[in-house]
1. Applying 1/(1 + (r/R0)^6) with R0 = 41 Å to the Cβ-Cβ distance of residue A:83 and residue A:228, what FRET efficiency is obtained, to the nearest 0.05?
2. Roughly how tilted is helix A:109-121, in degrees to the nearest 10 and between 0 and 90, from the longest Cα axis of chain A?
3. What lysines does residue A:185 reach when the alpha-carbon gap must be under 28 Å and sequence neighbours fewer than 8 apart in one chain are set aside?
4. Simple spin-label model, 7 Å along Cα-to-Cβ: residue A:70 to residue B:112 in nm?
5. Can you tell me how much longer the chain between residue A:15 and residue A:129 gets when fully stretched, taken as 0.36 nm per residue apart minus their C-alpha distance, in nm with one decimal?
6. Take every residue in peptide B:152-159, count the Cβ atoms of other chains within 10 Å of its Cβ, and give the average of those counts.
7. Answer rounded, prolate or oblate for the stretch B:137-282, using the Cα gyration tensor with square roots of eigenvalues a ≥ b ≥ c: rounded when a/c is under 1.5, else prolate when a/b is larger than b/c, else oblate.
8. How crowded by other chains is A:11-17, given as the mean number of beta carbons from other chains within 10 Å of each beta carbon?
Amino acid sequence: MLVVRDLTVHYQGVCALERVNFSLESGQLVGVVGPNGAGKSTLLKSMLGLVTSQRGSIRYDGHPLIQQRQKVAYVPQRSQIDWNYPITVKNVVMLAQMQQQGFWQFPTRQARQMVKRALMQVDLWDLRDRHIRELSGGQQQRVFLARSLAQQANIFFFDEPFNGVDQKTKEIFYSILQELKEQNKTLLIVSHDLGDTLNYYDQLILINRSILATGLPKQVLTPENFYQAYGHPLNLLSA
Amino acid sequence: MDWLLEPLQFEFMRNAFGMAILLGILCAIVGSYLVVEQMSLMANVISHAILPGLSIAFFLGINLSIGALIAGVLSAFTVAWIRQNSPISVDAAMGLVLSSFLALGVMLIELLRTNRIDLNQLLFGDILSVQSQHIVQTFFITLAIAIIVIIFYQPLLYYTFDPLGAKASGLPVNWIYFGFITAVTLTIIASMQSVGVLLVIALLVGPASTAYLLVKELHWMMVGAGVLGVFSSIAGMYLSYYLDLPSGPAIVLVIFALFWVAFLFSPRQGLWRKIKALIKHQ
Ligand SMILES: Nc1ncnc2c1ncn2[C@@H]1O[C@H](COP(=O)(O)OP(=O)(O)O)[C@@H](O)[C@H]1O
Ligand SMILES: [Mg+2]
């Protein structure tokens, strides 16, 4: 179980997260929703120690998460990546092997096998030697999904994985998430818009600087909660 | 072929030749990282910021390179520090640090009466005047950096491509940044003698940018930049010898000419290809 207690983050005096408390059960798919600028990316980054928090603790199975980084696969928002970087699809996924074998190792045959399997799972094996710039948005997102699979992590954090992706990518994504759930992984997905996929989730966390509601999707996305988070009443399903 | 071999009977030409090869390799490795990190201007900051270090080292009578190394690394950290602790953008921070270190350097040269530092040599360099001790120094810098990059190729790739992911998976990103800055500063110190402070950025960024247009993997970028850098340095050197041109600018202009060829005719991203596609489309 992953337990977040009292997490508070300030950026140069501006409060981005305030006293956030929640816990994640393994084998559950958990979504974090909230408007742009709500602090969703900040939540993931502070849980991983990528931004410093003013207060709070993050524990996994009773020990600080920061000491168990090799168990985490983190997929940043697509806009954080330089898609002109000189690297091919295969070698992005190959970066995952460092988590398993230590940072100073060259890829072994076993690692190459793992990369191949991950790329097959997301249906990108045929494009393995392409430069990452020469992919569609959905394919780019799947490259990172493949990397997270090759990391063989226990905990998965995805930041806005459905922004501007095609239907095929969404389907592959959710079928893989389903498999990961069955393998009892801890899954946290951040999105400002879960659209018509809400019923895939076991738990939702509605956030805007602090947690406004958490629980089953139906319980969380009531008109009142929604209004409180987004500041306007709207169709729940197309936030 | 005589015209190729004739200059090599002179020791200064042989030295220049050796230096050109070493610098071509060294700048290709370090410059490729600079280009993909989008930190080329940091090289510019460092190359100017070493001046106070040179002056103090000269005053204390210690190895000039040590003073330059300390000042260069310090300037890069000042930029990072301003950025992390204020809303000031990175380009403003770089402008600020570059000019204040430069001003401090000029001031110190005056105050410490170290004005026997040859500013002209410092600013423009001269590959035809390098001595064998510089070549030995550059050889060891190149060797050390090449070995480090080969051993740590994977983590460096991770860090430069996806710094957040790298940090999340526990890579010591602050140490990597420190190592990177040190490598850039050492490279600048090594190249200064040949092309000078003002043009060293061309050696770092030029061949790497040209290669960037031609390949799709970082290690091929380094290899390509190495070939281009060695070729440009040697070609510039010969131009300088036969046409009696200043060597630094000659090298830089060859680098730039090669960049234009790739920019216009690169099979993947060349301008010419795009224009042709456009015409065909209509
Ligand atoms: N590096 C930063 N420096 C200062 N403010 C930031 C930084 N990153 C995010 N913020 C601010 O913190 C708030 C939360 O941002 P973020 O976590 O990116 O939101 P979300 O991912 O939900 O869209 C926003 O108001 C944003 O402007
Ligand atoms: Mg975000």
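None of the figures in this text is laboratory data; all of them are computed from the coordinates on show. Note that this is a predicted model, so its numbers are computed, not measured. Because the Cβ atoms are built from the backbone with ideal geometry, glycine has one as well, and the counts that use them run over all protein chains shown.
1. On the way: r = 36 Å, r/R0 = 0.89.
Efficiency, from the Cβ-Cβ distance: 0.65.
2. Compared with the principal axis, the helix lies near 60 degrees.
3. Filter leaves A:40, A:45, A:71, A:90, A:116, A:168, A:170, A:218, B:167.
4. 4.7
5. Working: separation 114, 0.36 × 114 = 41.04 nm, distance 4.35 nm.
36.7 nm is the gain from fully extending residue A:15 to residue A:129.
6. Working: counts 2, 2, 12, 6, 1, 8, 7, 1.
Averaged over the peptide's residues, the number is 5.
7. Working: a/c = 2.63, a/b = 1.12, b/c = 2.34.
Here the stretch B:137-282 falls in the oblate category.
8. Values: counts 1, 4, 0, 0, 0, 0, 0.
For peptide A:11-17, the averaged partner shielding equals 1.
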